[in-house]
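Chemist: One structure coming up, written as structure tokens, with questions to follow.
The values are calculated or read from the model by the stated rules, or taken from the named source; none is laboratory data. All values reported here derive from a predicted model rather than from experimental measurement. Here Cβ is always computed from backbone atoms with ideal geometry, including for glycine, and neighbour counts include all displayed protein chains. These area figures cover heavy atoms from the full protein model, side chains too; ligands, DNA and RNA do not enter into them. Shrake-Rupley method; radii C 1.70, N 1.55, O 1.52, S 1.80 Å.
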Amino acid sequence: MNAEVQHRLDIARLILDARLAQTGWIETSLRQRLAVVTGLRHLIARNASYLSQSVGERPGRAEGETLALEVLPLADACRFLEREAEALLAPRRLGSKGRPLWLSGASAEIRREPLGVILVVAPSNYPLFLPGVQIVQALVAGNAILIKPAPGCVEPMRVLLGLLEDAGLPSGLCVLLDETVEAGREAIAAGIDKLVLTGSAETGRRVLADLAPHLTPAVMELSGNDAVFVLPGADLDLTAKALAYGLRLNGGATCIAPRRVFADRGCALELERRLTPLALSLPPVAVPERIRTQVASLLGEAEDAGCRLIGPRFRADEPRMSPVIVADAVPELGLLREDIFAPVLSLVPVAGEADALDAAAQCPYALGASIFGPEPMARSLAGRVRAGSVIVNDLIVPTADPRLPFGGQGISGFGTTRGAEGLLEMTVLKTITLRSGRFRPHYDSVTPDDTAMMLDYIAAAHGDGARWPAVKRLVMGLMERGRGMRQG
């Protein structure tokens, strides 16, 4: 037996073992599952430094920043589940309010049940926090988990699973696959019940092609090219500091980092003036060769279009890259249409909100957006921006609120992670309806009189004209029918 076949069989066995473990897991109470989450949160606090070290050094992160970016929000997500999961997952019973009259005697409830085995495909940019929340939510919902870490990111998942085991998670419920693409594809082929992917749009397309033959549902948290709108009256010092932070954070490798800044012409040059020294003071960061090649091509296109490049001259053959600001950019540039995991930001002068929205709409990505400006104007604009998440007078950090769902529009993906909606993504809906009494008119053969009564009922219940004649005919018809049944 060759190694490829053996690998496929090994993963199939892991999935089978996970299904067996999940059978026992769903027999435990939700409170028992949440006790594991509470234990995990306490262990995260006790081992915060160890968890942070397991992530390793990341380009663009200051020492200790992983604690704020990945460890703390993961603990907060656990606390959110401890507080909210019981109410969110409780069966929802429907009373008589709103029930159609013709369903008299029927009661119903809506349940959220576990899916089974969920495959989490983790990213490299936030290898602990993003998959960590998805794993904990899936477990609370009663599922078993397979985790396919990104290349070079096995260790934080290994440490997290060790803490889950110490917190009391039964063995076999969380299975760590190897980091290869083949491991994920083989798990899909062997049969999973849902996939949660955090990755690029191109990766999303390939994974969806693998899922399609099995009709396996998925949540796709894909990449972005986030817009920032700067309105008249915006605090330009605050805006410049925010943009510089977005350039620096995680070496530019954040899916909701600012990429396209649409600044009103009245403040665009002043914003550029205040942002430039902040950006130039940022240190260079390591950027993978594949991304450097992409950036070189896009910056060349921008120069050919007449844009001004602010920052040290970019060289694709150098492993480290300093931040680059592209001034006088236009929406048609590839820089404003592709996902870029590097410290590059484009400034686009616009003539008002309508012009900004039209320019932003030319990008197929719609993950996040930020707006800087007076609150009433910003709130109004936020309702018209196409994005899964919009932040006013800040960027990136507020999305870590454990109460908030996170997901994109356009080619930034579909489905939701985190928050209440992220927990419910880890479940499947089931409705249960109970009919009491013996009223079952639908069992009887339909007669012409029944057709007339149905027309009267529709007119009486939903008509917008003279309803009372229909009500009168319906009542008389029902009385006549009742007399006929008694005589029969």
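Chemist: Checking Val392 against (1) crowded, with 22+ Cβ neighbours inside 10 Å; (2) without any contact (Cβ under 8 Å) to a residue 40 or more places away in the chain, only one condition comes out false. Which one?
Modeler: Condition (1) is where Val392 drops out.
Per-residue answers, yes or no, for (1) open to solvent by 40 Å² or more (accessible area, probe 1.4 Å); (2) in a helix (DSSP H, G or I); (3) within 30 Å of Gly368 (Cβ to Cβ):
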position: Pro398; (1), (2), (3): yes, yes, yes
position: Leu404; (1), (2), (3): yes, no, yes
position: Lys430; (1), (2), (3): yes, no, no
position: Val446; (1), (2), (3): yes, no, no
position: Thr451; (1), (2), (3): yes, yes, no
position: Asp464; (1), (2), (3): yes, no, no
position: Leu474; (1), (2), (3): no, yes, no
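Chemist: Of all residues in region 93-119, which are basic (Lys, Arg) and exposed (fewer than 13 other Cβ atoms within 10 Å of the Cβ)?
Modeler: Arg93, Lys97
Chemist: Let me ask you something else. When region 186-201 is examined, which residues are found to be assigned to a helix (DSSP H, G or I) and surrounded by fewer than 18 Cβ atoms within 10 Å (Cβ to Cβ)?
Modeler: Ala189
Chemist: So, one more: Could you check how many residues of region 416-428 are in a loop (DSSP other than H, G, I, E, B) and in contact with an Asp or Glu (Cβ under 6 Å, 6 or more places away or on another chain)?
Modeler: Adding up the residues that qualify gives 1.
Chemist: Spot the failing condition for Leu434; the list is (1) loosely packed, with under 15 Cβ neighbours inside 10 Å; (2) under 30 Å from Met476 (Cβ atoms), and only one is missed.
Modeler: Result: Leu434 fails condition (2) only.
Chemist: Okay, next question. Quick check on my filter: what residues within region 348-379 are in a strand (DSSP E or B) and either closer than 10 Å to Ala227 by Cα or aromatic (Phe, Trp, Tyr) (or both)?
Modeler: Tyr365, Ala366, Gly368, Ala369, Ser370, Ile371, Phe372
Chemist: Out of curiosity, is Gly39 in contact with an Asp or Glu (Cβ under 9 Å, 6 or more places away or on another chain) and open to solvent by less than 60 Å² (accessible area, probe 1.4 Å)?
Modeler: Criteria met by Gly39.
Chemist: From the set of residues in region 395-404 that are in contact with a strand residue (DSSP E or B) (Cβ under 7 Å, 6 or more places away or on another chain) and not aliphatic (A, V, I, L, M), which is nearest to Leu89 (Cα to Cα)?
Modeler: Thr399
Chemist: What are the residue pairs meeting all of these: first residue in region 367-388, first residue under 17 Å from Pro232 (Cβ atoms), second residue open to solvent by less than 10 Å² (accessible area, probe 1.4 Å) and of a type in the set (Ser, Thr, Tyr), Cβ atoms under 6 Å, and 6 or more apart or on different chains?
Modeler: Short answer, once both residue conditions are applied: Phe372/Thr239.
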